[in-house]
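Bear in mind these aren't lab numbers, they're just calculated from the coordinates by the rules spelled out. Quick caveat, the model's predicted, so the values are computed rather than measured. Note that each Cβ is placed from the backbone with ideal geometry, even for glycine, and that neighbours are counted across all protein chains shown.
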Amino acid sequence: MSDGGGAIAIEDLVSVEQFREVVKLQETIWGFSDVDLLPVRFFVVASKIGGQVFGAYDDGRMVAFCLAIPGVKADTRPYLHSHMLGVLPEYRNSGLGRRLKLHQREKALARGIDLIEWTFDPLEIKNAYFNIGRLGAVVRRYIPNLYGATSSTLSGGLPTDWCVAEWWIGRAIERGAVSGGVRLPVDIGEIRMKDPARARLIQSEVAGEFEAAFGRGLAVIGVERDDTWFTYLLGELQ
C-alpha cells in the first residue's frame, strides 16, 4: 500500500467489469444492502452522459472510486453533483481521497465546469473537515432526511439529514468575518454508536441551528475543533 502520493493509479472507468468492482466496493465501504446499492447500469449511464467515474488502483486492485453526474442549475449553469467517493478502510488517511477530488477538479475545469456539489453528513466531522477545511467548500443548504432510511451501518439508524457542499473550483470565494458557529461534540461518532437517542437529539439541534443560520443568509465558511467541540464557522459570502 502506498501513501497516496502517486504510486496508486487513478483511471477513468469505462467497462462493465470495472463497474462491477465499484458495486462490490460500495458493499464493503458502506455495508449497504442490495436495495441501496447503485447498480452497474447506473455507472454505465453516468459514464455516457457527461458524468465522471474514476477508480484508484493499487497493483491492479481497485481500492477507491469517485462518481459524479452532470446537472444544470435554474440559471442554466452546468455543474457536477459528486454523488459518491469511497475509499477502502485500509487506504484512508493516506491522501487518496484528496487525490481523487483533485483529479475530479482537473477534469471538470478542462470541460469549463466551475462548480462541483455533493451532500455530506455534518455529524461525520472528519469528512466535514476534509470538505470545508481542506478543499475549501462552503455550505448554504441543509436537507432533512434527504435519502430516507438507509441500510448503511455508518448512519447509526439516524435520518439522513445532510448538508450540501459547494466547491467553487474556477474562482476564489470571498468569505466575510465569522459571525457565529454551529458546534457538536468531537466524540459524536462514539455517541452515535453507543447512545443513538442522544445522537438523534444532537442531530435535531444541529439541524435547527443550520436552518436558522441559512435562513438569515449565512453560510458555513470554515471549521475548527478543540478537544471538546467541532465547530462549523458561520459568516457571509461576499
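Spacing of the modelled spin labels on LEU38 and GLU211, each 7 Å from Cα toward Cβ, amounts to 2.8 nm.
The trypsin sites (Lys or Arg not before Pro) of region 95-135 meeting both criteria, a DSSP state outside H, G, I, E and B (loop) and at most 16 other C-beta atoms within 10 angstrom of the site's C-beta, are ARG111. Other residues lying with their Cβ under 14 Å from the Cβ of ALA219 contribute a combined charge of -2, Lys and Arg counting +1, Asp and Glu -1.
Binning the C-alpha pair distances of the chain at 5 Å intervals from 0 yields a P(r) profile of 1, 6, 13, 17, 19, 18, 13, 9, 3, 0, 0 %, listed from the shortest bin outward. In plain terms, the residue of SER94, SER204, SER33 with the fewest other Cβ atoms within 10 Å comes first and the most crowded comes last, giving SER33, SER204, SER94. Taking each residue as 0.36 nm, the span from THR76 to GLU174 lengthens on full extension beyond its C-alpha to C-alpha distance by 33.0 nm.
Scanning the chain for long hydrophobic helices, with DSSP H runs required to stretch 20 angstrom or more by C-alpha along their axis and to average at least -0.5 on the Kyte-Doolittle scale, returns 16-30, 196-215. Once you reduce region 159-238 and region 70-146 to the center of their Cα atoms, the two points are 16 Å from each other. Which value in nm describes the separation of the simple spin-label points at GLU190 and LYS107, placed 7 Å from the Cα toward the beta carbon? Here the answer is 3.9 nm between the modelled labels.
What 222 nm value per residue comes from the helices of the chain, counting each DSSP H run with n ≥ 4 as -39,500 (n - 2.57) and dividing by all residues, nearest 500 deg cm²/dmol?
Numbers: 6 runs with 70 residues, N = 238.
Only helices count here, giving -9000 deg cm²/dmol.
Backbone amide hydrogens, once placed in the peptide plane, bring THR160 within less than 5 Å of ASN145, LEU146, TYR147, GLY148, excluding anything fewer than 5 places away on its chain. Once C-alpha pairs closer than 8 Å and six or more residues apart are averaged by separation and normalised to the residue number of the chain, the relative contact order reads 16 percent.
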